[in-house]
C-alpha cells in the first residue's frame, strides 16, 4: 500500500481503501492550495497595477472625450481648425488606450495561468508541451519574486510529453517557490529544459537552479522526507518535496534529485519519460 | 517664494503603466508639474535638483523599496510630503512607513483618482505651509539678529 501513488492519480486501478484514498486526495488538494496561497500576495500586487490603470484611464478618457467634443464643436461653429488642446487630448487618449490594452493582456495572462493551477477536473493522462507548463509556473512565481529575483528560462524544442499536467505543474510550482524562498535578498533562478540525448526510452530533463543559501550536507538525506522542513511555521509545510517526489516517481515513472552547495545554491533535476509505458499505480 | 510656482509632484513606480495613468489624470485635472520615474535612483537625483512638493511612490520596486526612497527623500527635502501608493497591502509596512519616514498618507492600489487628488492637494498645502513657516522663522531669526546687533551698538554707544 505504501507504494501506491497519490490517490488522485490512481484512477480505477487503485486498490486503496476508499477512505485512505479520499484522505490522500484531500491532502494533495490542500497542498496544492497551500502552494498557490504562497503566491497570492504577488499575484494580487501584479493585478492591482493594471486594474488601477484601467479604472483611472477609463475615468480620464470619459472626461477627456467630453472636453474634446466641446472644443471641437466650438471650433466647428467658429469655422476654425481644431485647437491644440484638442489635439493634445487625442494624444493622451491614444496613450491611455495603449496602456489599457497592455493592462488587460497582463490580467488575462495571470488569470489564465491561475486557471491552469486551480483546475481540479483535469486528472487524466494527457499529451502536453512541457515548455508551456514551465512557462506558466514561471510566470506565476515571477509575480511574487520578480522585484528581487531574476528568473531565466531556457526551454529547448521539446517533444510533447504524456503526463498528468495538473500534478506536474504542481511539482514545478513547488520547486520554483522553494527556489525563491531559498534566496535571501537578490538572486537568480535559472530554469532549463531539454530532451535527453540518446535516452531510451525517450526522456526530457528539467532543472531549476537557484543562487540561494544551499542545503547543509547533514540535511540533504532528509530533504524528501514528509514533514521535514527548515522553514518557519506558516512558510513551509514539509510536504512539498515529499509530495513532489511521489508525483514524479510514482505517478510519472520519472526521477527527481538535487545537487547543492552551501552559500552558492541548489539545483533540482527532474527526468521524465516522454511516454508513460506503465500504469501509474505500481 | 516657491508658492508662486506650479506645485511639483514626484511620482515613482517601476510600472510605466501606473505613471502614464496618474500623469494623464493629474495633467487633465490640474496644472501641477509632474515628474515621473520608473527608476527610484532617478527620482532621488530629482530631489537634489529643486524643491518638490509631494513624493508619491510605490512600495515594492527592484533594488530600492518605497520606504527606503521616502527615507532618503526625508533627508533631502524634509518638508516635501511623503505618500506611499502600494499594492502590497499589509499593515506592517504601513505602520513601519508611518513610524520610520513620517508618512503623510498611505494609499492602496488599485487607487481611486478622486481620493489620490484629494491627498495630493492636502499634501501640497501642508508642504507649502511648512515651507512658508520655515521662511517666516528665518525672517524672524534675521530680524532678531538685527535687533540684537542694534541693541549691542546702542549699549556700546552709551558705555
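Scan the stretch B:1-44 for residues that are in contact with a strand residue (DSSP E or B) (Cβ under 6 Å, 6 or more places away or on another chain) and not in a helix (DSSP H, G or I) and jot them down. Selection gives B:6, B:8, B:9, B:10, B:11, B:12, B:32, B:33, B:34, B:35, B:36, B:37.
Suppose we filter the stretch B:6-38 for residues that are in contact (Cβ under 8 Å) with a residue 24 or more places away in the chain and either within 13 Å of chain A (Cβ to nearest Cβ) or closer than 27 Å to residue B:132 by Cβ (or both); how many remain?
Keep residues of the stretch B:6-38 that are in contact (Cβ under 8 Å) with a residue 24 or more places away in the chain, which gives B:6-15, B:18, B:22, B:25-26, B:29-38.
Right, trim to either within 13 Å of chain A (Cβ to nearest Cβ) or closer than 27 Å to residue B:132 by Cβ (or both) and you get B:6-15, B:18, B:22, B:25-26, B:29-36, B:38.
Here the count works out to 23.
Every residue, every condition in (1) away from every other protein chain (no Cβ under 14 Å); (2) within 14 Å of the chain's Cα centre (by Cα); (3) surrounded by 15 or more Cβ atoms within 10 Å (Cβ to Cβ), yes or no:
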| position | (1), (2), (3) |
| --- | --- |
| B:99 | yes, no, no |
| B:103 | yes, yes, yes |
| B:109 | no, no, yes |
| B:116 | no, no, yes |
| B:134 | yes, no, no |
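Does residue A:128 satisfy the condition of being in contact with a strand residue (DSSP E or B) (Cβ under 8 Å, 6 or more places away or on another chain), more than 14 Å from every other protein chain (Cβ to nearest Cβ) and on the phi < 0 side of the Ramachandran plot? The answer is yes for residue A:128. Looking across the stretch B:106-154, the residues that are more than 25 Å from residue B:78 (Cα to Cα) and touching a strand residue (DSSP E or B) at 6+ places or on another chain (Cβ under 7 Å) come down to B:109, B:111.
Looking at the structure I just gave you, is residue A:30 farther than 16 Å from residue B:113 by Cβ, at pLDDT 90 or above and either within 14 Å of another protein chain (Cβ to nearest Cβ) or in a helix (DSSP H, G or I) (or both)? I'd like the intermediate steps shown before the answer.
Working: farther than 16 Å from residue B:113 by Cβ: yes; at pLDDT 90 or above: no; either within 14 Å of another protein chain (Cβ to nearest Cβ) or in a helix (DSSP H, G or I) (or both): yes.
Answer is no for this residue.
Which ranges mark the strands (runs of 3 or more DSSP E) fully within the stretch A:123-213 that have 3 or more residues being touching a helix residue (DSSP H, G or I) at 6+ places or on another chain (Cβ under 6 Å) and over 13 Å from residue A:265 (Cβ atoms)? Before the answer, list the steps.
Details: elements: A:126-129, A:149-155, A:160-163, A:187-195, A:203-210.
The strands (runs of 3 or more DSSP E) meeting that bar are A:149-155.
Which residues, counting only those in the stretch A:39-83, are farther than 21 Å from residue B:108 by Cα and either in contact (Cβ under 8 Å) with a residue 12 or more places away in the chain or within 15 Å of the chain's Cα centre (by Cα) (or both)? Lay out the reasoning, then the answer.
Of the residues in the stretch A:39-83, the ones farther than 21 Å from residue B:108 by Cα are A:61-83.
Passing the criteria: A:61, A:64, A:65, A:67, A:68, A:71, A:72, A:83.
The values are calculated or read from the model by the stated rules, or taken from the named source; none is laboratory data. A quick note: this is a predicted structure, and the numbers were derived from the prediction, not measured. Every residue, glycine as well, gets a Cβ built from its backbone with ideal geometry; the counts of neighbours run over all protein chains shown.
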